[in-house]
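Everything below concerns the one structure shown next.
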Amino acid sequence: MKYTMNRRHFMGTAAASTAALAIAGRAHATTPFTMQAAWINDAEFAGYFLALDNGYYTDEELDLTYLSGGPDVIPESTIIAGRADLALTLPDTTIRAISEQGAKFKIIGTQYQKNPLGIVSLKKSGINSPADLIGKTVAVPPVNTVTIEALLKLNGIDLNEVNIVPYSYDPTPLVRGEIDASLDFTTNVPFTISTLGEEANSFLIYDYGVTTFNDTIVVTEETLATKRAELVGWLRASRKGWEENLADPTVYPPQWADTWFKGTGRSIENEVFFNEAQKDLITADTGVFSMSEEAIEKNIEALAAVGISGSREMFDTTLLEEI
Amino acid sequence: MGNSLTSLRLKSVRNLVILIIVWEIVGRMDWIAGGALPGLSEILTRLWIDRGDYPGHIWATVYASGLGFLIGNVLAIAAGIAFVLSPTLLRLMRGVNIAIFALPPIAIAPILVLTLSGMAPRVTLAALGVYFVTMSATVIGLSQYDTRSADLVRAYGGGNWLILKLVRIRGAIPDILSGLRIAAPNAVLGAILAEFGGGGRWGLGTYLLGSLGRGDPARLWGIGLVATLIAGLSYAIFAVISSRISGSTRSVTLNTAIPSSHGENAYGRSIQALILCGTITLPFVLWWAFIKLTGVPDLIAKTPHGVFEYLFLNDTSAIARGKLLAALGQTLPIAALGMIAGLAFAFLLAISSRMFPGFIKGFMPVALVTQTMPLVALTPLLVLILGRGYSVTLWITISVTFFPAFVLLVQGIQRVPQSVLDLPRAYGASAWTEMRMVSIPAALPYLFAATRLTVPRALLGVMIAEWLATGTGLGNLLNRSRGYLDYGMIWTVAAVSVLLSVAIYYLVLIVERRTLVRLGMQNVE
């Protein structure tokens, strides 16, 4: 254990000296800033990649470190542990952590106005609404148990009427008919299903009462108090990246084949599909990351249905106003 | 002799070729679950297409598992030597050793990701995977020495240190090497598991995660094969070294003196009680120290006291206990069943390896693949073949349990001295009679050791199946708890799974002691 600690220390020092060199090369001093993403590199995070590549964070005097996520990474944990300043989270877990465990978080924006999570199935199985799930087998990632509970509850369906099995990120059981539907990003899996020669069908849980955001931008109260300028800078740069990326979603993913998307195991066509599909879910009249009073209210209502008690104080919209 | 060896080799090559041809046909015809098992040529074609992706991932995995292997083994061998020199230390550290051994990687990976950053979770998981195997192999090797050689050194005025140097370490090398051999795939799997969950950019585990969404079995098998190749190569290196060395250190005749179990009763009652106390508290002290050293806040990192509070003192404790007990009720029966099935399979294989060496040599590559193929890659495919009931859980459990038990049992059977085997042979006994009357009884200590080795792995196998296929029990509870940000439960599941393994381990140990003492045999640590 001791040895790995030393190694960590060494890596830290190495990273710090690299950062120091980078700073020395610039006219303005930049502040180190770390963000924790929610998943591995894919189109879900295109806006940040673009802003990094185009130096939008540097323009805001931020030296951004981007941490990708994975199944064991709980983004909220990374900011509690102080390894990142900001995290992209699922509002369900964040709000539950605030209300039940007293975690000191604030939601300062949201990437998705509408949660891309939905029920994906094969067209031929005729699943078009939550009611069609009765008597069917649905694969759900164990971490999203809360979400499926909310969907069924809000649509008056008893949990026992649906057979829920774990989803392991592989659409093969769905295509082979071993399961009838899965809870996944509707912006992503339908592409794979079409490459496997089937026609996919999907609906957003958002359209059936689970009116939540996704990839909410979360910081600790302490970061909010001490790094306000940096946070506003991050929001501004990221919004710029997103708006440019969404102007034509087909442009950027192919350019990242040898950088951000190299060796992720996913195809560029899949990322283009993803990027196009998510456009309407991210775009907001008042700019990317906006949280309208109405939308916040909808989040609180939907979560209340599964016993998660959110409140307006958990959201802080004042930074968005400063962009 | 030379001739029969050549024919043996030919046979194993023949078996391998048959196997590959059968695989190719089955894969090409999509006979298994409509193509869940692609033909070898399809997998290789995919590998070739993906060749640009691999170097970065392979390097990351080799780096993390290699570093973990090195750190884990250096600590393990040093600890093994220290334990043999000081039985008191061994007894004091027994709780820690068994706890490390019993850590189910899938319960520990999330905790490491919570508390450490960068490559550290991968290296740590790899090191944890190798420590116990090598440490116990070192202790076995150092304690089962020929007392006659030691008497010789002593007669010439040599002390314990000289005996250790001249007799025991030399005699222990084959055991240590076989330990390293088993440990090598563990390091690779540990690193891959941490990569899968830990959110890094590179590593075969990360590649696997990204590839799962493609629904392309050829890619998944390709990643599995590459992982197998890395693990297999490291396994092969130690297998070759050990086969070169083992010939010169095996005793030619049987030592009839039974080594005394020294150290056990050397102290008075009060000191013994003190040591026992230390044995039990030490793992908890280390757990506490780990959290304090990493400096991770209380909210996410639970100390032993934190877990106790979570389970017994909080307002929500009753609910938490209820969830935990329900999960245990689902997990334990199937884990027990899986353990028995895995041991039975290992035992049958070990006997067959003595009686049909050619068959086993042909089977070994397959066995090794099952050990190094990351289960997260195969479970979605296994579900297609076996469904989501008990059979998928049992198969996964057998596949994670049988191999270490098999290696240990084969070792036990192989270590029967030639002179003992000469007796039944002289009387014209068949291979089976020889096996039944001599080799199996002589390997009894190894059977017990194998049982102990199997306990936590059975729990691991069941938890993997629960996580990815059945959605029940501890494995599912652990993953749901992540969605609820229920850190108390994440730590509780890890702690309970370790405690359970330790408890069952001791149960086996008690039965083992009684049986072996009655038979006048020494137990294998």
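The values are calculated or read from the model by the stated rules, or taken from the named source; none is laboratory data. Computed from a predicted model, the values in this text were never measured in an experiment. Cβ atoms come from the backbone with ideal geometry, glycine included; neighbour counts cover every protein chain shown. Note: accessible area is taken over every heavy atom of the protein model, side chains too, but ligands, DNA and RNA are not part of it. Shrake-Rupley method; radii C 1.70, N 1.55, O 1.52, S 1.80 Å.
Percent relative contact order of chain B, based on C-alpha pairs within less than 8 angstrom and at least six residues apart? Across chain B, relative contact order equals 19 percent. Each listed q (0.22 Å⁻¹) maps to a log10 I(q)/I(0) for region B:67-134, found by the Debye formula over equal Cα scatterers with no solvent: -0.93.
Within the protein assembly as shown, antiparallel bridges make up roughly 55 percent of the DSSP beta bridges whose residues both belong there.
Of the residues in region B:35-81, those shielded by at least 40 Å² of accessible area once partner protein chains are present, compared with the chain alone at a 1.4 Å probe, are B:Ile71. For the peptide A:96-102, the mean number of other protein chain Cβ atoms found within 10 angstrom of a residue's Cβ is 3.
Overall, the accessible surface of region A:195-323 at a probe of 1.4 angstrom is composed of carbon and sulfur to the extent of 49 percent. Largest to smallest in accessible area, the residues A:Glu294, B:Glu195, A:Glu230, A:Glu243 fall in the order A:Glu294, A:Glu243, A:Glu230, B:Glu195 (1.4 Å probe, all protein chains included). Springs between Cα atoms under 10 Å define the GNM used for chain A, and in it the highest mean-square fluctuation of A:Thr187, A:Thr58, A:Thr264 occurs at A:Thr264.
For region B:115-258, the C-alpha radius of gyration divided by 2.2 N^0.38 Å, with N the number of residues, is 1.44. The three principal axes of the Cα atoms in region B:76-187 give end-to-end lengths of 56, 27, 20 Å, sorted in falling order. Given a cut-off of 16 Å, what percent of all Cα-Cα pairs of region A:204-243 lie beyond it? Roughly 54 percent, rounded to a whole number. Put simply, chains A and B cover up around 5000 Å² of each other's accessible surface, both sides summed, when a 1.4 Å probe is used. Computed over region B:119-158, the convex hull of the alpha-carbon atoms projects to a mean area of 3.8 nm². Kirkwood radius for chain B, taken over all pairs of different Cα atoms as the inverse mean of 1/r, rounds to 24.5 Å. Within region B:158-179, which residues have the backbone N less than 20 Å from the label spot 7 Å out from B:Ile237 along Cα→beta-carbon, could you tell me? Output list for this probe position: B:173-179.
Here the peptides B:127-135, B:410-418 are ranked by packing, the mean other Cβ count within 10 Å, and the order with the highest first is B:127-135, B:410-418. Here the 3J(HN,Hα) profile of region A:156-169, calculated from phi with Karplus coefficients 6.51, -1.76 and 1.60 at θ = phi - 60°, is x, 10, 6, 4, 6, 7, 10, 8, 9, 10, x, 9, 10, 6 Hz, Gly and Pro shown as x. Treating r as the C-beta distance of B:Asp30 and A:Ile134 and R0 as 25 Å, the FRET efficiency rounds to 0.15. Compute accessible area for region B:451-472 by itself and then with all protein chains, 1.4 Å probe, and report residues whose area falls by 20 Å² or more. The answer is B:Trp467, B:Leu468 - residues whose exposure falls by at least 20 Å² when every protein chain is included. Spatial offset of region B:450-525 relative to region B:100-123 amounts to 16 Å, using the alpha carbon center of each.
Per residue of peptide B:201-213, the mean number of Cβ atoms on other chains within 10 Å of the residue Cβ is 6. Potential lengthening of the chain between B:Asn314 and B:Asp422 amounts to 32.2 nm, from the contour at 0.36 nm per residue minus the alpha-carbon distance. All C-alpha to C-alpha distances of region B:302-525, sorted into 5 Å bins beginning at zero, yield P(r) values of 1, 7, 12, 15, 15, 14, 11, 9, 6, 4, 3, 1, 1, 0, 0 percent in whole numbers.
For chain B, adding -39500 (n - 2.57) for each run of n ≥ 4 DSSP H residues and dividing by the number of residues yields -26500 deg cm²/dmol at 222 nm. The share of Cα pairs per 5 Å bin across region A:117-208, counted from zero up to the longest distance, runs 3, 15, 30, 29, 16, 6, 1 percent. Per residue, the convex hull spanned by the Cα atoms of chain A amounts to 151 cubic angstrom. With 28 Å as the limit, write out which pairs from A:Lys104/A:Lys298; A:Lys123/A:Lys240; B:Lys302/B:Lys323; A:Lys240/A:Lys262; A:Lys124/A:Lys262; A:Lys136/A:Lys279 have Cα-Cα distances beyond it, or answer none. Long pairs (Cα-Cα over 28 Å): A:Lys123/A:Lys240; A:Lys124/A:Lys262; A:Lys136/A:Lys279. Treating each Cα of the protein assembly as shown as one equal point scatterer and applying the Debye formula with no solvent, the log10 of I(q)/I(0) at q = 0.05, 0.06 Å⁻¹ comes out as -0.30, -0.42.
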